[in-house]
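Read through the structure below, which is laid out as structure tokens, and then see the notes.
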């Protein structure tokens, strides 16, 4: 049973601070919670435990934000993205079983950076329509089960969309919430032991709540043009971080 004393929370201040920073960015832009929190929390926990803790925290955070932003959510768009993800996940699992994950992360990040460069250079972008949303969801689902990253394909798709910043955040949070619920269900059906994750999660949830609240306030003060620039920066940082980690591990 967790010792929810002030001393225990103080001992977990650093992990909670990491989650605060990741949650702030997630709340302000719709992206970044898992990608930023996971590598930081690995300084404090075993990597396998981090996956479960972040899955629990992300599910709570994304679900809460999707409820807060529900009036802005284009549910048809989210539906097509989620349907695509359901198709893409088994494909990604098969690829994961054949190709080393390290190389997959490297290839995916390089491809996304090249795509972003081409989009900026030639102003190419995909129109928001059911077919494109399904394909994007499928790529995100495949990427999630092969590399652990579903965010970059979604940012790439939404960055030029004719959506407001609130709609982009709502789309991302609702899509990620659905993905988180599916992932946790898969873990549970697979017999994964959540005991340690449930023990640690209460200590870092305050960081999540405060980060979401701070990001929610900040998001309303960021102009649309600046918001899109933030999305590009987030995407580039995510990809460069992955490439750097992969190269160091080679």
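The values are calculated or read from the model by the stated rules, or taken from the named source; none is laboratory data. Quantities reported herein were computed from a predicted structural model and do not represent experimental measurements. Note: ideal-geometry Cβ built from the backbone for every residue, glycine included; neighbour counts use all protein chains shown.
Condition first: more than 15 Å from residue 55 (Cα to Cα) and outside any helix (DSSP H, G or I). Now tell me which residues in the stretch 191-211 satisfy that.
191
Suppose we filter the stretch 26-44 for residues that are buried (at least 24 other Cβ atoms within 10 Å of the Cβ) and outside any helix (DSSP H, G or I); how many remain?
Selection size over the stretch 26-44: 3.
To keep it simple, each residue is scored yes or no on (1) over 25 Å from residue 16 (Cα atoms); (2) modelled with pLDDT of 90 or more; (3) in contact with a helix residue (DSSP H, G or I) (Cβ under 9 Å, 6 or more places away or on another chain).
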residue: 145; (1), (2), (3): yes, no, yes
residue: 156; (1), (2), (3): yes, no, yes
residue: 159; (1), (2), (3): yes, no, yes
residue: 181; (1), (2), (3): no, no, yes
residue: 187; (1), (2), (3): no, no, yes
residue: 207; (1), (2), (3): no, yes, yes
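Considering only the stretch 180-190, I want to know if a residue exists there that is assigned to a loop (DSSP other than H, G, I, E, B) and farther than 19 Å from residue 77 by Cα.
Checked the stretch 180-190: at least one residue is assigned to a loop (DSSP other than H, G, I, E, B) and farther than 19 Å from residue 77 by Cα.
Do the conditions hold for residue 240, that is, is it touching a residue at least 24 places away in the same chain (Cβ under 8 Å), assigned by TED's automatic domain parsing to the domain that holds residue 132, in a helix (DSSP H, G or I) and over 19 Å from residue 28 (Cβ atoms)?
Yes, satisfied.
Hey, among the residues in the stretch 63-116 that are within 18 Å of residue 161 (Cβ to Cβ) and not in a helix (DSSP H, G or I), which one's modelled with the lowest pLDDT?
This residue is 69.
Return the only residue of 81, 69, 56 being crowded, with 17+ Cβ neighbours inside 10 Å and closer than 19 Å to residue 16 by Cα.
Exactly one residue qualifies, and that residue is 56.
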